[in-house]
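Visitor: Mind looking over this structure? Questions follow.
The values are calculated or read from the model by the stated rules, or taken from the named source; none is laboratory data. Quantities reported herein were computed from a predicted structural model and do not represent experimental measurements. Ideal geometry is used to build each Cβ from the backbone, glycine not excepted, and the neighbour counts take in all protein chains shown. For accessibility, only protein heavy atoms count, side chains too; no ligands or nucleic acids. Shrake-Rupley method; radii C 1.70, N 1.55, O 1.52, S 1.80 Å.
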Amino acid sequence: MVSNREQIEKTKNDFHDEISKFSTCIVENDLNVCTENLIKSADNEYKKYLTGGILYQIDPDKSLLLHEQVYLKNPLDQNFILEYAIELHRSGKYLEASKLYETYSLKEPKDIRIFVWLADCYLNIDKIELSITNWQKANHPQNHTAIDKAIYTIYGKTNQVKTRNDLKTEIEKGKFSSFYPLLFLDKNWEFDWWNKGSQEYFLNEDTKLAETKLDKENNELKIIKAYLQIKKLEESGKSEDIKKLLTDSNIILNNKPLPEFGELTSDLLRICFVNGLLSENEFYSKRGNELLDLAKKTKDKDILNIYAYLQATAEGQVKPEIDKLGWTEFDDERFAVSYFTIRTDIIKSDDTELNEALKKYPSSPYLWWVKAKCTKMEGKPVRELLIELIKREFKTLGTDPSKYSYRLKSYMNTLETEK
């Protein structure tokens, strides 16, 4: 096994202009055209290797194909081996990925990411003891941050650039309501599970597009511009300026209308509450019914979620009927999680509603945790349920409120003792 890292770095310099053109292209033009042009310019294995890395968060299928071609061209290069293994892992080919990880680890035995990835792969091919052994090698107490990042490398979000392109396509076809999710996405870009912020080069381009497509008196344009200004003011802590902008824009404060896009409305209300411009209890008392009616009218799960949050703040918990409405009619897993949070001590592992929720949300680690906990409380074997829970926790870190791997560590420790 060899490493051609120097050749990769040299190619990165040689390929710089094509990469720069691609970065500019996706801001202004159709994503598919930009992607095809980049792929055409990758005329050797090193350019394909770099292109595959660029495209993973844009087009995972093309990224996999490119890294496969590179690996087959030179199956002894450890860089190519690792990237192809990661691609196989991402696409659920756990056995094939594990073999390549083991090969790579012979050359790089101190790369703890490999132990994390092998633990996940072996769990998914029912080699449980090997999974536990590799998890132990990763040494969570010393490497928890690296473990979190290794998991994100495999399972992080990959659809944001494509979502932006799809929204722009809808706008070009005349669906101007798509400006709400488009500008919200640009302003709240997920860089990883722990960090969000503005994707400025997209935001600037899409703001100009909104100003071109929408009349200056258009209410949606006014709301979007007000929101973007408020987000900037929030960063500098100017609460009085935020209040003035909301008042001048005739939204939310002083009983003014609520925007009919839930994510934006939720963020604006959060800003109002944090800055003391509104009281959560008072807002729920005066406008809670309005929020609930708006949620039902628009079928916007985020507006319903705002209502549920305010209800929990004012009354101590979300009413079961609201949670049930959320997961059965609004198709939102968050409400199923909330619904079963207060029921784990009173329901059985074969509860009909719990099984319905699991069928509806089979990838939810939290619901598998509920089933495992109920089963454990009944004195029944829990090992198989725990394995299913861990498989899903590996993909999401979903039962930890901060998206860290501490809960995963706890589940792995429990699995080691459950026979």
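Visitor: 222 nm [θ] for the chain, helices only, -39500 (n - 2.57) per DSSP H run of 4+, per residue, to 500? Show your work: numbers first, answer last.
Guide: Details: 24 runs with 304 residues, N = 419.
Helix contribution divided over all residues of the chain: -23000 deg cm²/dmol.
Visitor: Also, quick follow-up: Once phi is turned into ³J(HN,Hα) by the Karplus curve 6.51 cos²θ - 1.76 cosθ + 1.60 with θ = phi - 60°, what whole-Hz value does each residue of the stretch 195-210 show in order, with x for glycine and proline?
Guide: Each residue of the stretch 195-210 in turn: 9, 10, x, 7, 9, 4, 5, 6, 4, 5, 5, 6, 5, 4, 4, 4 Hz.
Visitor: Enumerate the calculated ³J(HN,Hα) couplings along the stretch 221-236 in order (Karplus 6.51 cos²θ - 1.76 cosθ + 1.60, θ = phi - 60°), each rounded to whole Hz, writing x wherever the residue is Gly or Pro.
Guide: 5, 4, 5, 4, 5, 4, 4, 5, 5, 5, 4, 5, 5, 4, 4, 9
Visitor: Taking all protein chains as present, what is the carbon and sulfur share of the accessible area of the stretch 1-146, in % to the nearest whole number, probe 1.4 Å? Don't skip to the end; give the middle numbers.
Guide: Details: 3520 of 7240 Å².
Percent of accessible area from carbon and sulfur atoms in the stretch 1-146: 49.
Visitor: Now for a separate question. Treat the stretch 68-164 as a sphere of radius equal to its Kirkwood radius over Cα pairs and apply Stokes-Einstein at 37 °C in a medium of 0.692 mPa s; give the translational diffusion coefficient in µm²/s, rounded to a whole number.
Guide: 237
Visitor: While we're here: Kirkwood hydrodynamic radius, the stretch 241-346, all distinct C-alpha pairs: what's the number in Å? Before the final figure, lay out the partial values.
Guide: Numbers: mean 1/r = 0.0701 Å⁻¹.
The Cα-based Kirkwood calculation yields 14.3 Å.
Visitor: Still on this structure, I have one more. For the stretch 275-419, what relative contact order do you get, as a whole percent, if you take Cα pairs closer than 8 Å and at least 6 residues apart?
Guide: It comes to 13 percent, rounded to a whole number.
Visitor: Still on this structure, I have one more. Just read off the accessible area of Trp117 with the full protein assembly in place, 1.4 Å probe, to the nearest 10 Å².
Guide: 0
Visitor: Report the Stokes-Einstein translational diffusion coefficient (µm² s⁻¹, integer) for the stretch 319-419, Rh taken as the Kirkwood radius over Cα pairs, at 4 °C with viscosity 1.567 mPa s.
Guide: 94
Visitor: For the stretch 168-226, report the % of Cα-Cα distances exceeding 14 Å.
Guide: Numbers: 927 of 1711 pairs.
When all Cα pairs of the stretch 168-226 are counted, 54 percent exceed 14 Å.
Visitor: Compute the Kirkwood hydrodynamic radius of the stretch 140-196, taking the inverse of the mean of 1/r over all pairs of distinct Cα atoms, and give it in Å to one decimal.
Guide: On the way: mean 1/r = 0.0758 Å⁻¹.
Computed over the stretch 140-196, the radius equals 13.2 Å.
Visitor: In 10 Å bins starting at 0, how do the alpha-carbon pair distances of the stretch 119-246 split up by percent?
Guide: Bin by bin from 0 Å, the calculated values are 11, 29, 23, 16, 14, 7, 0.
Visitor: Give me, ordered by chain and number, the residues 5 or more places off Asp77 or on other chains with an amide H under 5 Å from its own placed amide H.
Guide: Val2
Visitor: Let me ask something additional. Cα convex hull of the stretch 15-79: mean projected area in nm², to one decimal?
Guide: Computing the convex hull of the Cα atoms and averaging its projections yields 4.1 nm².
Visitor: If you roll a 1.4 Å probe over the stretch 357-419 with all protein chains in place, what percent of the accessible area is carbon or sulfur?
Guide: It is 56 percent, rounded to a whole number.
Visitor: Let me check the size of the stretch 245-304 from its C-alpha atoms; what are the radius of gyration and Dmax in Å?
Guide: When restricted to the Cα atoms of the stretch 245-304, Rg and Dmax are 10.9, 29 Å.
Visitor: Mind putting a number on the dipole of the stretch 101-211 about its Cα centre? Charges go on the C-beta only, +1 for Lys and Arg and -1 for Asp and Glu, and I need it in Debye to the nearest 20.
Guide: Around 40 debye, computed over the stretch 101-211.
Visitor: Taking the stretch 168-306 on its own, what percent of its Cα-Cα pair distances exceed 21 Å?
Guide: Numbers: 4242 of 9591 pairs.
Roughly 44 percent, once rounded to a whole number.
Visitor: Output the lone cysteines of the chain: those with no second cysteine's C-beta under 4.7 Å from their C-beta.
Guide: Cys121, Cys272, Cys374, each lacking another Cys Cβ under 4.7 Å.
Visitor: For q = 0.07, 0.11 Å⁻¹, what log10 I(q)/I(0) does the chain give under the Debye formula with an equal point scatterer on each alpha carbon and no solvent?
Guide: For the chain at q = 0.07, 0.11 Å⁻¹, log10 I(q)/I(0) is -0.43, -1.03.
Visitor: Going Cα to Cα from Lys403, which lysines come in below 23 Å? Please leave out same-chain ones fewer than 8 positions away.
Guide: Straight-line reach from Lys403, under 23 Å: Lys137, Lys149, Lys157, Lys187, Lys196, Lys301, Lys360, Lys371, Lys373, Lys391, Lys395.
Visitor: Kindly write out, for the stretch 187-192 in residue order, the coupling ³J(HN,Hα) from the Karplus curve 6.51 cos²θ - 1.76 cosθ + 1.60 (θ = phi - 60°), rounded to whole Hz, with x marking Gly and Pro.
Guide: For the stretch 187-192, the Karplus-derived couplings read 7, 10, 5, 8, 7, 6 Hz, x marking Gly and Pro.
Visitor: What is the percent of Cα-Cα separations in the stretch 1-117 that go past 23 Å?
Guide: Considering the stretch 1-117, 31 percent of its Cα-Cα pairs are separated by more than 23 Å.
Visitor: Using the heavy atoms of the protein chains alone and a 1.4 angstrom probe, what is the accessible area of the chain per residue in square angstrom?
Guide: Values: 20730 Å² over 419 residues.
Per residue, the chain has 49 Å² of solvent-accessible surface.
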